Structures are given as C-alpha cells and as structure tokens.
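Here's the structure we're looking at; comments come further down.
The values are calculated or read from the model by the stated rules, or taken from the named source; none is laboratory data. Just so you know, these numbers come straight off a predicted model, no measurement behind them. Every residue, glycine among them, receives a Cβ derived from its backbone with ideal geometry; neighbour counts consider all protein chains shown.
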Amino acid sequence: MILILGSGLAGLSCSYHLGHEECLILEKNSYAFGHVHSTQRDGYTWDEGPHVCFTKSEYVWELFAESVGGQFEEFEAKTTNYYRGHWIDHPAQSNLYQIPEPLRSQCLNSFLESRPVEGETTKKVTNYQEWLEQAFGPVFAETFPAAYTRKYWTCDPRKMGIDWVGGRVFEPKVEDVLAGMRGPLGRQTHYINRIRYPKSGGYQSFAAKLREGANISFGAEIVRIDLQNRKLWTADGRSFSWTRLINTLPLPDFISLCVGLPSQAYEATRELLCSQLLLINIEANHPTLRCENWMYVYDEDLYSTRINCTEKLSPRNAPVGTTGVQVEVYGSRLKPFAMDPNTIAMAVEREVKKMGLVEPFATTSLHTVYVPSANVVFTKETASALECIWATLEPFGLVREKEDCSPLTDWKQIQSLGNERWSLLMAGRFGQWKYFWTDDCVLRGRSLVGAR
C-alpha cells in the first residue's frame, strides 16, 4: 500500500496520478485540500490568501477547468502597492512616476548610479539584499522590496539566498525606469497576467477532480514514524504500515516524528525557516472601494502585508453590495507576532480604513485564521540543511532527485521516478521544501508516472 501523509494538493495529486485505489491518505483535519481549502462564512468564501491559477502548464489549465465544468472566471490581474498614503502601480520599479518626491528622484538617481560601467565586471552577489541593490539601486531596494522582504519573508534579505528568485521579480532596463519616471509604461511587467479562478466554491474547486475517489482517513494526526520498520502511529491509537510512503507534511515536522535518525538530521531542521500567517478577514457592508485583485503594503509600521478582496476573484465570493477584505500578517521564529490575534485584527481594521479599503463608519465583522506553516524562506543555509536531510533519508528508500536542494523545479527537465524506484518520497511545498505554487504541487504528482 502507498501511504500518503497529508491531503493537500500535493498529496491528492500523488494519489490521483498513482491511482486512488493504490493509496491511503492520512489527514489530521476533518477536511481535505490543505492550503487551498476554501471556507464559507456569512455568505462569503475565503481562501488562505489570494489563490489564483496562472500556470504555464496546459495540463494544469485543463485539469482545473474540468474540475469546475468549465465554470471559471478569467481575467487580467490588477495589482497595486501602498506606501505612506500613496498608491503605486505594480511593480513599483517600472512606475516611479507615482512615487512622491523627493523619493522618486532619489530612486531614479540611485538606480542610474548603480548601473555597471561598460567593460566593468559586475560584482558577484552573495545574498538577496545585494541582488536587490544591483537590480534597482540602493534607495529603491531598501524602501520597497527589502522592506517587504522583512514583512513577508520575516527575514533580513541579507540572510536570504538568490536561487529562489527566478523570474518572480521584474528587473527593469534603464529605458523602462526612465519611461516609468514620466508616466505609465504602457505594458504589463508583472509576471502574473492571465489568471483563472472558479466561479463558485472557492479555489479548492479547482482540485475537485483530484479529490474525487481519494481514500482519506480524517482525524489521523501522526505522532510517531518508524522508517526502519515502515510503520507509524496516530494520536487515536491506530497504526499503519506501508510498502511506499509519501510525505507532504512540513519537513521539520516529518523529521521530528521519525525515531532513530542520526542527530545531524534533527539538527539540520533547525536551519529550515518557515513563516506563519495570520489572516484577518473583514466583512464590510459596502461595495469594493478599489479595482485591484490584491495589494502589497510596504510600510513597516503597519501589520498589513498583502491584501485581497475576495469578491474581486469571483463575484459569488461575497454577498452583492459588500466587500470581503482579507489581510495577511506574517511572523516566524525570527519575527514573533507582537500581540495576540484579536489585538492585531483590530489594528489591521484601523489600517484598512486609513488606506481607504473600508469606509470609516462601515458596519464590519471580522475573524482571524492562523496558518502555522505559510511560506518556506530560502536562507543561505537552506541548501546545505536539505543536503544533510536527504542524505540521512536515502537508506530508508529516498531516491535523490535533480534539483532536490534547489527552491525551484523545472518540470520540463524532470524525469519520471518510475513506479518501482522509490519507497520513500517527499512531495509539495513543505515536504520538498520548495518555492512551489499550486501547479507545482499538481505536477509533482504527475511526475511520478512519467506523464508530461
């Protein structure tokens, strides 16, 4: 039997592609879908943050479309940034004209001064802060992306590597910055443009086909794993054996549950950093006040980090004439939450009213959701820690894979593991400790059977 730990998107995809009849999924919660689980409350539909599909994989497009019977919204993403009372189109580096003076000119001059002289060797960057300064100049780098890094990733950019960046941050050319200094650039430079979202049911509806027919044992909280004897136990006293095991639980949690591993494996998990997320969901009795799908907040004296309005993803996500404002606040062991959730929620409500997302005297209702594992943070120590962990797990049937210590996976280059080569497998953002989005989690399951 193939035993899968966790019924999130990666776990469901593995089961679906290997064959639900061959698999049993253990899930501690009373529901499936993990981080793409959607909830309904007071006529509103809430996801864990602004999940949207913008994949480059036609396979994922088709799978998600089939899951909702072709009933999805498709539109161009509209995003913006908030900085000290000003709204700046995203990405800000190509829209300097909206930044207030004298900061606007300081950003431009710093950017131009940082451009390499012809024939000069470009300095090798060793951390994300240096990457930002090289890409944007020190002034813009510190004011915008470095500040956001400390809020969203909860980490000083000097402590982060650069191999996770890929094409996720737009590096402007000189002509782009100069044009964006004068006015709108006239073209979209954000890496997300065409997006889809289910018409109803929230983002989890896109995974309905993966979920259908899956064998899931709910309420199965794992408390101990014996890799040597291929057996594990749950909090309610049950035990399970396997011929093959797939883990999608956060890697530090998985290792902590395993007994009898070398001490260096447990020590290596201390180098793995993951943020926690506090969602503040605010219901207000008036229509949406802005047109964007989501917004980034750079002010470090504000809790609000990223904001979306649920009805901007689908009109059915909120009662007609109302708005559902969802605010993300991040913490981690490097940046613990300063106050209790309710106190933070009340502060956030004041912030969104000040920003003009909720009317000052609107009737509101709010609730909070705590997510213990949110974003994997790629520090400079991450790759070496993963190397130690993967080497420790090899004797228990883990097959080393190309890019298994890298934050990113190139699915076009991934070769199938085949059906018999492995007996222990990691899957998903947290199991593989990757910079994965939802399409990556789906494609992880697909890669197990060699499909493209």
Next item on the list: Looking only at segment 56-87, count how many residues are out of contact with any Gly (no Cβ under 9 Å at 6 or more places or on another chain), closer than 17 Å to LEU313 by Cβ and of a type in the set (Val, Ile, Thr).
Entry: 2
Checklist line | Candidates ARG400, ARG350 - the one that is of a type outside the set (Asp, Glu), more than 25 Å from LEU63 (Cβ to Cβ) and at pLDDT below 95 | finding: ARG400
Note to self: Return the residues of segment 171-186 that are outside any helix (DSSP H, G or I) and either in contact with a helix residue (DSSP H, G or I) (Cβ under 9 Å, 6 or more places away or on another chain) or surrounded by 14 or more Cβ atoms within 10 Å (Cβ to Cβ) (or both); say none if nothing qualifies.
What the structure shows: GLU171, PRO172, GLY183, PRO184, LEU185, GLY186
Note to self: Condition first: more than 30 Å from ARG224 (Cα to Cα) and charged (D, E, K, R). Now tell me which residues in segment 252-292 satisfy that.
What the structure shows: GLU283, ARG290, GLU292
Margin query: Quick check on segment 287-303: of everything there that is closer than 19 Å to ARG84 by Cβ and without any contact (Cβ under 8 Å) to a residue 60 or more places away in the chain, which residue is surrounded by the fewest Cβ atoms within 10 Å (Cβ to Cβ)?
Written below: ASP301
Check: Name the residues in segment 132-154 that are assigned to a helix (DSSP H, G or I), touching a helix residue (DSSP H, G or I) at 6+ places or on another chain (Cβ under 8 Å) and surrounded by 19 or more Cβ atoms within 10 Å (Cβ to Cβ), would you?
Finding: LEU132, GLU133, ALA135, PHE136, VAL139, PHE140, ALA141, THR143, PRO145, ALA146, THR149
Notebook entry, point to check: Residues of segment 320-361 being surrounded by 16 or more Cβ atoms within 10 Å (Cβ to Cβ) and part of a loop (DSSP other than H, G, I, E, B), which ones?
Noted result: THR322, SER332, LYS335, PHE337, LEU357, VAL358
Notebook entry, point to check: Taking ARG196 and the conditions (1) touching a residue at least 60 places away in the same chain (Cβ under 8 Å); (2) assigned by TED's automatic domain parsing to the domain that holds THR392, which numbered condition does it fall short on, given that it satisfies the others?
Noted result: (2)
Checklist line | Given (1) of a type outside the set (Ser, Thr, Tyr); (2) over 28 Å from ASP156 (Cβ atoms); (3) buried (at least 18 other Cβ atoms within 10 Å of the Cβ); (4) out of contact with any helix residue (DSSP H, G or I) (no Cβ under 7 Å at 6 or more places or on another chain), number of the condition GLY260 does not satisfy | finding: (3)
Notebook entry, point to check: Considering segment 4-48 alone, what residues qualify as being surrounded by fewer than 19 Cβ atoms within 10 Å (Cβ to Cβ) and outside any helix (DSSP H, G or I)?
Noted result: GLY19, LEU24, LYS28, ASN29, SER30, TYR31, THR39, GLN40, ARG41, ASP42, GLY43
Notebook entry, point to check: Which pairs have Cβ atoms under 9 Å, sit 6 or more apart or on different chains, and link a residue in segment 342-368 that is touching a residue at least 12 places away in the same chain (Cβ under 8 Å) to one that is in a helix (DSSP H, G or I) and among the hydrophobic types (A, V, I, L, M, F, W, C)?
Noted result: VAL358/VAL352; LEU366/ALA345; LEU366/MET346; LEU366/VAL348; HIS367/ALA345; THR368/ILE344; THR368/ALA345
Next item on the list: Looking at (1) at pLDDT 95 or above; (2) surrounded by fewer than 15 Cβ atoms within 10 Å (Cβ to Cβ), find the lone condition where ILE222 falls short.
Entry: (2)
Note to self: For the structure I just gave you, tell me whether GLU300 is more than 30 Å from SER384 (Cα to Cα) and part of a helix (DSSP H, G or I).
What the structure shows: no
Check: Among the residues of segment 209-218, which ones are within 25 Å of the chain's Cα centre (by Cα) and surrounded by fewer than 18 Cβ atoms within 10 Å (Cβ to Cβ)?
Finding: LYS209, GLU212, PHE218
Notebook entry, point to check: Out of all the residues in segment 264-297, which are more than 19 Å from ALA383 (Cβ to Cβ) and part of a loop (DSSP other than H, G, I, E, B)?
Noted result: ASN285, HIS286, PRO287, THR288, LEU289, ARG290, CYS291, GLU292, ASN293
